[in-house]
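Chemist: There's a structure below that I have some questions on.
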Amino acid sequence: MSTAKPAKSDESDESNETAETAESGKASQGTRRPYHHGDLRRAILTAALDVIAADGPSALSLRDLARRAGVSHAAPAHHFKDRTGLLTAIAAEGFGLLAGAIGEAADLKDAGVRYVRFAREHPAHFQVMFAPELLRDGDLELTTARALATAALRHAVSAVPPEGRGADARLAGIAAWSLAHGFATLLLGHNLDGAVGERDPEDVFRVLAGMLFRPALA
């Protein structure tokens, strides 16, 4: 009996210690995983955008993104299923942001300036948005966001009278998009560093837009 009591006490102490360790582990795990629900999705998207901006879409790895966000390697798949799903979500977000920017434009020239500004401020989105081979075709969120951006550009073009854009509004829209997208792409690739020099790229684009659409945008 005299030896049984201490043994029981030791077992009790050990049990309590184990329980405390488990609770401590749960608390510790909780501190390592601060993201939940929408916060985790945003954290993964932000980490992905950082990787794309630095090294391009080909450098993306869901496991690496999980490590950056401080969550289990399965967490990104829970929100995006796979790498294609993640890139598709990035593209959809980008088109949504672009639609909002163009929708606030005062006229077609301003819409083009906002397009260029969007590319400069969101280079990672811009890289992914126009790479259909990286995206999930038919994704509803992407299709909807892309349609909104297209509608915003068409609205800006339609506001220009025919004498300023020509009789074919559709071709005028293609011309406006080609100018803004081409300028933005060349700018991000540092192909216009010499031509633009120290001037504000947006001011340079305004001049180019005035050359293309006359006299309405001059």
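The values are calculated or read from the model by the stated rules, or taken from the named source; none is laboratory data. Keep in mind that this is a model prediction, so the values were computed, not measured. Glycine gets a Cβ as well: all are built from the backbone with ideal geometry, and neighbour counts include every protein chain shown. These accessible areas exclude ligands, DNA and RNA; they are computed on the full protein's heavy atoms, side chains included. Shrake-Rupley method; radii C 1.70, N 1.55, O 1.52, S 1.80 Å.
Chemist: Could you state the accessible area per residue of region 115-218 in Å², with a 1.4 Å probe and every protein chain left in place?
Modeler: Each residue of region 115-218 exposes 58 Å² on average to a 1.4 Å probe.
Chemist: How many percent of the accessible area of region 125-218 is carbon or sulfur, using a 1.4 Å probe?
Modeler: 60 percent
Chemist: In region 79-101, which residues have a backbone nitrogen under 14 Å from the label point lying 7 Å from Glu141's Cα in the Cα-to-Cβ direction?
Modeler: Answer for this model: 79-97.
Chemist: Let me test this: with uniform point scatterers at the alpha carbons of region 78-180, what is the Debye-based log₁₀ I(q)/I(0) at q = 0.11, 0.17, 0.19 1/Å?
Modeler: Once normalised to I(0) and log-transformed, intensities are -0.35, -0.76, -0.90.
Chemist: I would also like to ask the following. So how do 44-57, 128-141 stack up, highest first, on mean other-Cβ count within 10 Å?
Modeler: 44-57, 128-141
Chemist: Using per-residue counts of other Cβ atoms within 10 Å, averaged over each peptide, order 193-202, 101-110 from highest down.
Modeler: Ranking, from highest mean packing down: 101-110, 193-202.
Chemist: By how many nm would the segment from Ala175 to Arg120 lengthen if fully extended, with 0.36 nm per residue of separation less the alpha-carbon distance?
Modeler: 17.8 nm
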